[in-house]
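Colleague: Shown below is the structure under consideration.
What follows draws every value from the coordinates through simple rules; no lab data is involved. All figures in this text were calculated on a predicted structure; none of them were measured in a lab. Cβ coordinates were reconstructed from backbone atoms using ideal geometry, including for glycine residues, and neighbour counts include every protein chain displayed.
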Amino acid sequence: MFTYQSLVFKVHGASHDLLNARATVENTLRSIARQAGLHVVDSVTHLFSPQGISAALLLSESHVAMHTWPEEGGGYITLTTCKPVDEQNVERIEEAIRTAFHAMKVTRKTVDV
């Protein structure tokens, strides 16, 4: 029986410009997948007008996605996987998100599915 893990990271007080930068969002998602030892199969990104991004990576183990609201200085990332991510890597991912978006705070919830 598979056990699925879903992590939700909420980004607070982040840089408007970084939240609205396609490269930053895409690179952050790829970094998360790499840190968790997951394998990217495909990707899609949509830029909203006048601002905001939705991006997702399809993983062989499930997916990682981000939605941003630059005007509010925030966004959230969901990582759902059938491969458990250990606490040490989750903490590294959280710090990488904080750094990538110059966020004041990143909060996290874990849901076992």
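Colleague: Restricting to segment 46-68, count the residues that are of a type in the set (S, T, N, Q) and either out of contact with any helix residue (DSSP H, G or I) (no Cβ under 7 Å at 6 or more places or on another chain) or more than 17 Å from Val11 (Cβ to Cβ) (or both).
Modeller: So the count comes out to 4.
Colleague: Go through (1) in contact (Cβ under 8 Å) with a residue 40 or more places away in the chain; (2) in contact with a Gly (Cβ under 9 Å, 6 or more places away or on another chain) for Leu7 and report which single condition fails.
Modeller: Single failed check for Leu7: (2).
Colleague: Among the residues of segment 33-40, is any within 12 Å of Leu7 (Cα to Cα) and free of Cβ contacts under 8 Å to residues at least 60 places away in the same chain? Working first, answer last.
Modeller: Going through segment 33-40, the residues within 12 Å of Leu7 (Cα to Cα) turn out to be 36.
Going one step further and asking which of them are free of Cβ contacts under 8 Å to residues at least 60 places away in the same chain, we end up with 36.
Checking segment 33-40: at least one residue is within 12 Å of Leu7 (Cα to Cα) and free of Cβ contacts under 8 Å to residues at least 60 places away in the same chain.
Colleague: From the list Val106, Val90, which residue is under 23 Å from Tyr4 (Cα atoms) and in a strand (DSSP E or B)? Walk me through it before giving the result.
Modeller: Values: Val90 fails: in a strand (DSSP E or B).
Sole residue among the options that is under 23 Å from Tyr4 (Cα atoms) and in a strand (DSSP E or B): Val106.
Colleague: Among the residues of segment 30-62, how many are part of a strand (DSSP E or B) and under 10 Å from the mean Cα position of the chain (by Cα)?
Modeller: Total meeting the criteria: 3.
Colleague: Can you tell me which residue within segment 13-29, out of those that are surrounded by 14 or more Cβ atoms within 10 Å (Cβ to Cβ) and under 13 Å from the mean Cα position of the chain (by Cα), is nearest to Ala103 (Cα to Cα)?
Modeller: Residue satisfying both the conditions and the ranking: Leu19.
Colleague: Further question on the same structure: Which of the residues that make up segment 1-29 are outside any helix (DSSP H, G or I) and aliphatic (A, V, I, L, M)?
Modeller: Met1, Leu7, Val8, Val11, Ala14, Ala21
Colleague: Oh, and also: Does segment 67-89 hold any residues that are among the hydrophobic types (A, V, I, L, M, F, W, C) and more than 23 Å from Ile53 (Cβ to Cβ), and which are they?
Modeller: Initial filter on segment 67-89 (among the hydrophobic types (A, V, I, L, M, F, W, C)): 69, 77, 79, 82, 85.
Matches in segment 67-89: Cys82, Val85.
Conditions (1) surrounded by fewer than 17 Cβ atoms within 10 Å (Cβ to Cβ); (2) touching a residue at least 60 places away in the same chain (Cβ under 8 Å); (3) not hydrophobic (A, V, I, L, M, F, W, C), marked per residue:
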site: Leu47; (1), (2), (3): yes, no, no
site: Thr78; (1), (2), (3): no, yes, yes
site: Asn89; (1), (2), (3): yes, no, yes
site: Val113; (1), (2), (3): yes, yes, no
